[in-house]
């Protein structure tokens with residue numbers, strides 16, 4: 001067998017530099033998306049692997065292992081596509097928009113968009129479903145009231161990932177503690193220290209920014225009335241349709257497995273389309289396959305309601321496949337391990353360790369765009385360093401979620417950002433400045449690392465105890 005060479009740091013960084021540089025140029029300048037940059041990075045990683053003596057069979061195994069991690073998420077995305085189509089065709093999302101316009105005051109629309117989406121996401125444990133259902137409805141409501149689309153999108157995304165980060169039903173919330181060796185409820189309880197303050201500050205910021213638009217650029221009452229008329233002419237609006245989102249939350253609370261629950265939710269949308277809206281079976285099939293085509297004659301509403309379907313998830317699924325494949329081959333050639341080991345040589349304090357963990361999660365996010373990898377890699381790699389410093393692993397799981405689950409939304413080519421773009425119709429570059437929750441969670445964790453506030457240590461008997469006076 002060919003002897004493997006030691007991987008130099010420069011070569012370890014090369015595939016990541018390629019995807020970041022190509023990604024920035026492709027997304028910002030050429031508007032060509034992230035598929036080609038990810039393929040380019042995979043090719044560079046394969047060349048690096050070949051150079052250090054790793055066989056193609058081994059690297060191919062890494063690609064397959066990487067993609068296999070994403071299979072549950074791929075199935076969920078396909079089902080979410082059917083939910084969007086069936087919920088619009090069934091009048092559920094139009095009903096949410098209708099009552100949202102009637103009941104939510106413009107003065108609190110933006111923070112309300114974050115709060116309502118957060119409640120649904122916390123209950124269901126999935127940011128994707130909450131974005132695609134109530135998130136889309138609140139987006140349409142906000143835009144209809146005259147608020148800037150990027151601002152509303154940022155608020156909705158902040159709410160969605162508040163729930164995704166904190167919900168015991170979320171895959172990443174279960175994954176992070178499993179990777180570091182603490183319990184789920186230790187992890188969730190410890191995340192309250194960063195998640196609650198970050199979200200409360202975000203709501204305050206959304207309120208004051210939204211207030212400016214509520215008083216200066218609000219649409220006229222006749223325009224709102226035109227939207228009501230368009231919705232009423234195209235859909236049967238009924239309070240009974242609001243039961244479907246409630247049933248969705250109940251299924252989550254009852255801990256029904258994600259895929260069966262989502263299939264059930266999609267089927268309920270199909271039944272609403274048949275019995276409330278009178279849509280033909282062929283029309284329903286088209287809605288869940290290719291998406292719903294809205295015809296309210298209100299251009300703003302039609303642009304937001306003409307979406308959904310299995311086909312609409314294709315681009316995001318391809319992106320997730322490439323991203324996780326890249327992560328798999330980077331792990332196989334040892335690139336990520338070399339980079340993180342290099343970082344650890346420079347870590348001299350608890351504060352630097354926390355910052356290194358956050359930075360590593362963001363680096364993986366920028367390199368691959370894959371949420372699961374951005375959580376898994378730092379969580380696995382930094383366990384010995386946290387134990388060596390007598391720091392409880394729940395500190396590590398909290399930081400891994402801050403960067404991997406939430407911070408990844410700040411990467412324009414990441415899977416979560418592209419998914420939000422496809423659902424909400426706003427370019428990632430436009431809404432990223434308004435995802436206040438993502439910035440604040442990262443900043444708060446960095447501050448905690450240097451001040452020692454809320455940092456827990458491992459007591460002598462092995463049981464974690466809070467120590468608010470650990471020196472950075």
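Listed values, structure above:
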item	result
Candidates 378, 393 - the one that is buried (at least 23 other Cβ atoms within 10 Å of the Cβ), in contact (Cβ under 8 Å) with a residue 40 or more places away in the chain and under 21 Å from residue 190 (Cβ atoms)	393
Failed condition for residue 50, given (1) under 21 Å from residue 422 (Cα atoms); (2) free of Cβ contacts under 8 Å to residues at least 12 places away in the same chain; (3) part of a helix (DSSP H, G or I)	(1)
Residue that is in contact with a helix residue (DSSP H, G or I) (Cβ under 8 Å, 6 or more places away or on another chain), farther than 18 Å from residue 416 by Cα, in contact (Cβ under 8 Å) with a residue 12 or more places away in the chain and part of a helix (DSSP H, G or I), where the choices are 326, 319, 340	340
The one condition in (1) surrounded by 15 or more Cβ atoms within 10 Å (Cβ to Cβ); (2) assigned by TED's automatic domain parsing to the domain that holds residue 171 that residue 259 fails to fulfil	(1)
Residue check, residue 112 closer than 10 Å to residue 163 by Cα, at pLDDT 90 or above, in a helix (DSSP H, G or I) and touching a helix residue (DSSP H, G or I) at 6+ places or on another chain (Cβ under 8 Å)	no
Counted residues, the range 28-47 - those being free of Cβ contacts under 8 Å to residues at least 12 places away in the same chain and under 18 Å from residue 323 (Cα atoms)	3
Odd one out for residue 36, checked against (1) in a helix (DSSP H, G or I); (2) under 23 Å from the mean Cα position of the chain (by Cα); (3) modelled with pLDDT under 90; (4) surrounded by fewer than 16 Cβ atoms within 10 Å (Cβ to Cβ)	(3)
In the range 302-316, residue modelled with the highest pLDDT [restricted to those that are buried (at least 20 other Cβ atoms within 10 Å of the Cβ) and under 17 Å from the mean Cα position of the chain (by Cα)]	313
Some residue of the range 83-100 being under 26 Å from residue 309 (Cα atoms), within 26 Å of the chain's Cα centre (by Cα) and without any contact (Cβ under 8 Å) to a residue 60 or more places away in the chain	yes
Unique match (being surrounded by 13 or more Cβ atoms within 10 Å (Cβ to Cβ) and farther than 23 Å from residue 96 by Cβ) among 211, 241	211
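Residue-wise test of (1) part of a loop (DSSP other than H, G, I, E, B); (2) modelled with pLDDT of 90 or more; (3) not assigned by TED's automatic domain parsing to the domain that holds residue 401.
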position	(1), (2), (3)
176	no, no, yes
197	no, yes, yes
205	no, yes, yes
210	no, yes, yes
219	yes, no, yes
226	no, no, yes
236	yes, yes, yes
241	no, yes, yes
252	no, no, yes
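The values are calculated or read from the model by the stated rules, or taken from the named source; none is laboratory data. Not measured: the values here are computed from a predicted model. Note that each Cβ is placed from the backbone with ideal geometry, even for glycine, and that neighbours are counted across all protein chains shown.
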